[in-house]
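Okay, so here's the structure we're looking at.
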Amino acid sequence: MVTASASSPATGQLAGRRVIVTGAARGIGAAIATTFAEQGAHLALLDRESERCAETAALLGAHSFAVDLGDPASATSVTTAAIDALGGIDVLVNNAGILLFAPLLEITVHDWDRTFDVNVRSMLLTTQVVARAMIASGTKGAIVNMASMGGKVGSPRQAHYAASKAAVISLTRVSAMELGPHGIRVNCICPGYVLTEMGAATRTTEMVAEWSSHSPLGRCAEPEEVAEMALFLASDQGRYCTGQAMNVSGGMVMH
Ligand SMILES: NC(=O)c1ccc[n+]([C@@H]2O[C@H](COP(=O)([O-])OP(=O)(O)OC[C@H]3O[C@@H](n4cnc5c(N)ncnc54)[C@H](O)[C@@H]3O)[C@@H](O)[C@H]2O)c1
C-alpha cells in the first residue's frame, strides 16, 4: 500500500537524489518508490499500467511515465524523458518484471522472448541511457536491478523466468565491472516469495504455507522488506557494494 505524503522531505538517506523506479505502479516497485520518497528522493515512476502508475506517483509527488519496457524504442525514449523531467539522474531501480508459468516442454518462443525482453533487455537499455547520463555529468550514481532467488536456484514451470533472472545477475556483474571505474555502483536483489499481485492468480493458502516452511523465519516477505534492501544499495550506506546479488529470501537461499 502506498501511504507517503506528496512532498519529499529535505533530509533522509536519499535527500535530493533523482531516482527512476520501473514497475512502480504496484507491488515491490511501489514499496521502493514509497520508501525512497520517505528518504527525500525525487522520483520518476515508469510502468505500463498508466492509471495506477499516475495514482502512485500523485501520492508521492513523483513524475509518472506510461511505457511498455518490452519495446526497446519506448524503453530508451521514456528513460531519457524521465531523466529530463528530473533534471538529471542519481539512481536507477530496474524493478519491472513478468512471471509466466509453463512446463519446460510447453514454453513457447513468444513467451520466452517476451520474458527476456521485459526482464532483461529493458534493463540493458535503461542502464545504457542512465549510465551515459551519469558519466556525462560526472555523477557517481547507483543502479539496483531486481533479480530473484529463482535466478540462483531455479523453480519448476518457470524456466524462462529463472533463466531471465540468472541473466539479470550476470548483467549486474558485468555492469558493475564496466561502470565501476566511473564511480557507478550496480547491484541486484534476489527476493524469495513476496506476496504481491505477481502470481496471485494461481496462489493458494496451501502454497503460501509450503513456501513459508522453506524459510528458517517461517514466512514470506513483505514488499517493504525488499524496499529496505534497495534503499541500502541505492544510498551511501551501500557505497562499497557493487556487483552483488543480495538475497532477501528469509534464508531460503544462503549463497
Ligand atoms: N513477488 C515475488 O515473489 C518476487 C520474487 C522475486 C523477484 N520478484 C521481482 O520483483 C519485481 C517486482 O515484482 P512484483 O512482485 O512487485 O510484481 P507485480 O506484478 O506486482 O509488479 C510488477 C510491476 O511491473 C510492471 N511491468 C510489468 N511488465 C512491464 C512492462 N513491460 N513495462 C512496464 N512495466 C511493466 C507491472 O505493471 C507492475 O506494476 C519483478 O522484477 C519480479 O520478477 C518478485
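A short reminder: the numbers here are calculations on the coordinates, not readings from a lab. The structure displayed is predicted, hence computed values, not measured ones. Cβ coordinates were reconstructed from backbone atoms using ideal geometry, including for glycine residues, and neighbour counts include every protein chain displayed.
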Net charge near PRO72 (other residues with Cβ under 15 Å of its Cβ; Lys, Arg +1; Asp, Glu -1) is -1
Alpha-carbon spread of segment 77-152, three principal axes, descending order, Å: 48, 25, 16
At what distance in angstrom do the alpha carbon centres of segment 120-171 and segment 199-239 lie from each other? 18 Å
Calculated P(r) of segment 167-206 - Cα pairs past 13 Å, %: 64 percent
Can you compute the charge dipole magnitude of segment 18-247 about its Cα centre, using +1 on each Lys and Arg Cβ and -1 on each Asp and Glu Cβ, nothing else charged? Give it in debye, rounded to the nearest 20. 620 debye
Translational D in µm²/s for the chain (Stokes-Einstein at 10 °C, 1.306 mPa s, Kirkwood Rh from C-alpha pairs): 88 µm²/s
Order by protection proxy (mean Cβ within 10 Å, highest first), peptides 84-93, 28-37, 237-246: 28-37, 84-93, 237-246
